[in-house]
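Take a look at the structure set out below.
The values are calculated or read from the model by the stated rules, or taken from the named source; none is laboratory data. Nothing here was measured: the structure is a model prediction, and the numbers come from that model. Positions of Cβ are generated from backbone atoms using ideal geometry, with glycine treated the same way; all protein chains shown enter the neighbour counts. Side chains are part of the model used for accessible areas, which takes the heavy atoms of the whole protein and leaves out ligands, DNA and RNA. Shrake-Rupley method; radii C 1.70, N 1.55, O 1.52, S 1.80 Å.
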Amino acid sequence: MPTSKTSIAPEDGECRIFACTVIAGGAGKTQDVVNLAVEAAGRGHSVAVADFDPQRTASHILGYQDPPEGQPTIFDVLQGNHRLEEAVVPARYRIGEGEEDSAFRRIPNLDLILGTPEMADAEVNLGLDPAGVLWLQNVLDEQMPKGRWNIMFFDCGPTLGILLLSIAMVGPEVIGCVADEFKYIIGLQDLEETLAKGARKFRRFGFKTEVQHILATNIPMDAEGKIRRSGGAVADDAIKAIRGNPDWDGKLLPIIRRKQRFKDTIVTQRPLRFLDPRNEALQDIAAVADNLGIQRLNSTRKR
């Protein structure tokens, strides 16, 4: 498995951004975003998750079923009604019943830029703005809290529209997520074509983003980490299709195995590390973080 050429260390001084996207739902993208962010934060990095997906599952897992009354969200930032920092809340996980703060515990080093179902209207709002594709770039240039985060994960919705292009304009490392159906392979092709069109259309603005990583997730695997053909013939064929494509093979990250506990993270509002700290899938998450060059800054942390 190739190793990322870029590593993340505090002395780098800049924020490295990962944009995780999938064109069809159900791949487990958001669970990957949340658990990778928790892993990076646990390694001592200052991390933020930006929830651009109208389903706002990342916000839910990280402790916010609905935005608290009066709390600005990423949509308010898009509309220009609030600044980015006003939409930031501390990431947390549930430890008790109710919605009071005492029912949650703060996750160290991890912030959330709060999502909302209103992001379903983002395409319309940005489409009405002649400079809509530059929205996020302008926000980060003008409002990014200097030195607050050195890693950001963008949880993108299943769209190929102007919101995706606005996110791509920032120049993140795009992680295309696929699962155990060929519709995700087709979606990956569509994603690449959309970014290629964006590069041609917005080259004058510095647009050059492409899919840099491919993350296969929710894959049936045995105890040795091999794909179970009996339980996932389509998954096996899909992975072979990626590995058989010379443009994709070197981008494939370590595979994340299928575990029911990933779905339980949504119901319980507890990322996997806090729900089931001995779960085998956490080894996969750690392997992906290693491959992305996310260094351990606190090597004594229990794994």
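Structure notes:
- GluC sites (Glu not before Pro) within the stretch 85-182, DSSP loop, no more than 11 other Cβ atoms inside 10 Å: GLU97, GLU100
- With θ taken as phi - 60° and the Karplus curve 6.51 cos²θ - 1.76 cosθ + 1.60 applied, the whole-hertz 3J(HN,Hα) list for the stretch 66-76 is 9, x, x, 4, x, 7, x, 10, 4, 5, 5 Hz, x standing for glycine and proline.
- Enclosed volume per residue, in Å³, of the convex hull spanned by Cα atoms of the chain: 129 Å³
- With all protein chains kept in place, the per residue accessible area of the stretch 54-164 amounts to 47 square angstrom at a probe of 1.4 angstrom.
- Note on the stretch 254-303: Cα convex hull, mean projected area over all directions, 3.8 nm².
- Accessible surface of the stretch 175-226, 1.4 Å probe, proportion on carbon and sulfur as whole %: 46 percent
- Centroid-to-centroid separation of the stretch 17-53 and the stretch 254-303 [C-alpha atoms, Å]: 11 Å
- In this label model, LEU297 and GLU181 are separated by 3.9 nm, measuring between points 7 Å along each Cα→Cβ vector.
- GNM remark for the chain: springs join alpha carbons under 10 Å apart, and the peak mean-square fluctuation among ASP290, ASP53, ASP155 falls on ASP290.
- The chain - percent relative contact order, Cα under 8 Å, separation 6 or more: 28 percent
- The stretch 56-152 - percent of accessible surface contributed by carbon and sulfur, probe 1.4 Å: 45 percent
- Charged-residue dipole, Cβ positions (Lys, Arg, Asp, Glu), the stretch 1-133 about Cα centre, Debye nearest 20: 580 debye
- Once backbone amide H atoms are built at 1.01 Å from N, MET221 has ARG228, ARG258 as its partners under 5 Å, excluding neighbours fewer than 5 places away on the same chain.
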